[in-house]
Amino acid sequence: MRIGTKIAFSQLAMGALIVAAMYMAAYWVWAPEYERWEERQTADKEKWIQHLWAAEEKRLALTVADWAPWDELYEFARQPSERKFERDNLSEDAMSNLRVEWMLLLDPAYKIRYSRSLLGDWEEKERLRFEEDWETRLAASPDIQEQLRRGESVKGLAILNGRPVLVAAQQILHSDKRGPSAGYLVMFQAVDADLLKEFSQMLQASLVLEQDKTLQEHYGQMTGAWFEEKDERLIRAYWPLEDIFGQYGMVLRLDIERHLYQEMHHQYQYFFLLSLAVLIMSLFVSVYGLDVLLTRRLRRLGDFLADIRNVGSEKQLKLPSGGNDELAQIAEKIEKMLERLREDRYQIDKLNQALQGELKERQKAEEQMQYHCWHDALTGLYNRTFLEIVLNEYTQSGAKGFGVICGDLDGLKIVNDTLGHEAGDALLRRTADLFRKILPETAITVRTGGDEFVSLLIDIREEDLWNWYQQLQTEAQKQDGSQMPLQISFGCRYQECCVPGGDELHNLLREADDAMYRQKNFRKQSTRGVVIQALLKMIELHESVTNGHSQRLKRLAEKLAREMDLPEEQIEKVILLAQFREIGRIGLPEPLLTKEEPLTEAERQEIQRHAEIGYRIALVIPELESIAELIRTHHEWWNGKGYPRGLKGEEIPLESRIVAIVDAYDAMTNYSVYRATREAEQVELELRRGRGLQFDPVLLDVFLEKMLGEEKQTQEVE
């Protein structure tokens, strides 16, 4: 046997042993590490889904806890037939924002007194079966009844009429926790595909809720533990869910793709093929290695391979060629391979650049998502979720020098009802800016609800906390005539040291919140008065633009009313209407009110909205409620061609007909942005043209006969 053949066989045997040893080492080292990593990833996802599930239950329970001690809800629970609370607080948008699909009010005997649902795809029979199932299960659960009767919260999963729902319930009491109870508040959130999809996106794994009786019998005895099954493609984990009635009715299934496991097997195959290729190439070199000519050619080839690191660079090397044997063929194949490598490297560089760009975009999106997850979109402050996280951290670790300041924006509802939600949002942003301005940057300021704010301060002195508290109250009381004043109730508490794992932080927050509500209740009436005065101030600013039109109108309207021998009560309404008839204009854009050019049809229709706007504003101001309907009808015409309702004749209130005449007279005899001043003869002629059309004929005759001459003399003297 030739020495070359011996060398080839010896190297072949040695190479096979090395490849086998490397393959076995890889199998015993890599495979367990992949599986351990896969198990850790699965365990993390299982813990995370349990955390998400618990967080969703807690969120629903916190919503019920916020609503249950609410005076308005207490009164509504006692008299569900009064629908004002439902209209103001149980709209579809409000319940959607709370992520509540169903709400029940139970009487003290646990019977349904009121039901409100957003599940529009349910039929009436299905809804009734849902409610009957709830009453039946609750009636058969004395433990839950006793828990609710003691004032404790009930939360968890329930299977009602075959549908899985998250449920939270609590006793309805006054805001100061006094009784007797008005019943019980129950809120439901459907565990539907949207919720599971939301969890699946967070987990990056498939999540399914199953009601298979076989699965329930198989996994129902595991008492909340996870059970896993594996195959070549998936890790399938099951978590049995116990409902609030103590039954295992559902199984939560988590499907995790085994990408790492499959990739590991692919690498094993690639490793084996690569090792085999290396072994074959070594055999060819051994067989022809002793040849002198081959040695020289291999040296030239070695020189080329020494610079192979430059593949893909601007310096393009050429493989030395010559001959027509196996080495020449190998050289040719290597050249083609290098060409492919150059192309592959170019493609890899392009792909790497694209991946880097995508990675930056994803990092930016994740940062933005995290920001929105922990911040309030309107004010930019932290939200309630972040507050719970911080409180839990401080509760576990303890805190020194802990201070709490609570704030509640008073009068927000009346501002929203009168000036619109944009004005209310502006007040909320100004309140947030106030906290940012006064408190240090280390303060954690949170918007906890619609009009409630909380600031947490750590490692501070008590005197500093009270100084900031006083500054907040002082700054909030500053008035700016061009803006709606801030009316904020504050509460403040301080704790020198909070023991880790104790309840001091939550108690401190509750005490500060109670102090804030005491201040809010004390100043409740004055707050409404301040808001109303601000609205009147805005009317005065508008009056300065119209050169005292309302003051002249009050005088003329009162005079005409007395000419008609009206009772004093009606005369007072006429005077009040003359002053506040255009209150709805404060809800219109200022440029539209001061525009000197002729109005377009769309702008005219926008202006005409002020009658309805004024009607709604007057309804929420007790001092103006009696003239709300008069404000809405003071632009109606005698012939029915006025606005907004098209009333005619005596359908129009008498007070509105009086103000309509004097309003038209004063508008024509005084300058405004809409028209120039007219001569007295033109004014009288124009009024007579409107007799029986725009104006009440009887009232107009009295005005022209008994008042017009006197007004002409008054204007000449002026």
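In the stretch 40-77, the residue that is surrounded by the fewest Cβ atoms within 10 Å (Cβ to Cβ) out of those that are touching a Lys or Arg at 6+ places or on another chain (Cβ under 9 Å) and basic (K, R) is K58. Taking the condition at pLDDT 80 or above, surrounded by 18 or more Cβ atoms within 10 Å (Cβ to Cβ) and part of a strand (DSSP E or B), does L195 pass? Criteria not met by L195. Has the stretch 491-503 got any residue that is crowded, with 20+ Cβ neighbours inside 10 Å, part of a loop (DSSP other than H, G, I, E, B) and in the same structural domain as A423 (by TED's automatic domain parsing)? Looking for residues that are crowded, with 20+ Cβ neighbours inside 10 Å, part of a loop (DSSP other than H, G, I, E, B) and in the same structural domain as A423 (by TED's automatic domain parsing), one finds none in the stretch 491-503, hence no. For the residues E623, E651, the requirement of being surrounded by fewer than 16 Cβ atoms within 10 Å (Cβ to Cβ), more than 17 Å from E558 (Cα to Cα) and at pLDDT below 90 singles out E623. Would you please name the residue that is nearest to S181 (Cα to Cα), looking only at residues in the stretch 130-170 that are part of a helix (DSSP H, G or I) and in contact with a strand residue (DSSP E or B) (Cβ under 6 Å, 6 or more places away or on another chain)? For the stretch 130-170, the residue satisfying everything is L148. Test of understanding: among Y270, Y288, which residue is of a type outside the set (A, V, I, L, M, F, W, C), modelled with pLDDT of 65 or more and under 22 Å from L12 (Cβ atoms)? Y270 is the lone residue from the list that is of a type outside the set (A, V, I, L, M, F, W, C), modelled with pLDDT of 65 or more and under 22 Å from L12 (Cβ atoms).
Inside the stretch 57-107, can you point out the residues that are closer than 13 Å to G183 by Cβ, among the basic types (K, R) and not in a helix (DSSP H, G or I)? None - no residue of the stretch 57-107 is closer than 13 Å to G183 by Cβ, among the basic types (K, R) and not in a helix (DSSP H, G or I), so the list stays empty.
Would you mind stating whether A680 is touching a helix residue (DSSP H, G or I) at 6+ places or on another chain (Cβ under 9 Å), at pLDDT below 90, under 21 Å from Q579 (Cβ atoms) and of a type in the set (A, V, I, L, M)? So A680 does not fit the description; no.
Condition check: touching a residue at least 12 places away in the same chain (Cβ under 8 Å), more than 30 Å from G502 (Cα to Cα) and polar (S, T, N, Q). Does T379 satisfy that? Against the criterion (touching a residue at least 12 places away in the same chain (Cβ under 8 Å), more than 30 Å from G502 (Cα to Cα) and polar (S, T, N, Q)), T379 qualifies. Considering (1) surrounded by 13 or more Cβ atoms within 10 Å (Cβ to Cβ); (2) over 25 Å from the mean Cα position of the chain (by Cα), the lone condition that L104 does not fulfil carries the number (2). Close contacts from the stretch 199-212, counting a first residue that is outside the structural domain of L157 (by TED's automatic domain parsing) and in a strand (DSSP E or B) and a second that is crowded, with 17+ Cβ neighbours inside 10 Å and not hydrophobic (A, V, I, L, M, F, W, C), with Cβ to Cβ under 7 Å and a gap of 6+ residues or different chains, come to S206/S200; L207/S200; V208/R253; L209/P164; E210/R253. Whether a residue is modelled with pLDDT of 85 or more and either outside the structural domain of Q470 (by TED's automatic domain parsing) or closer than 16 Å to L456 by Cβ (or both) was assessed, and G403 passes this test.
The values are calculated or read from the model by the stated rules, or taken from the named source; none is laboratory data. Everything numeric here is computed off the predicted structure, so don't read it as measured data. Don't worry about glycine lacking a Cβ; one is built from the backbone with ideal geometry, like all the others, and counts go over all protein chains shown.
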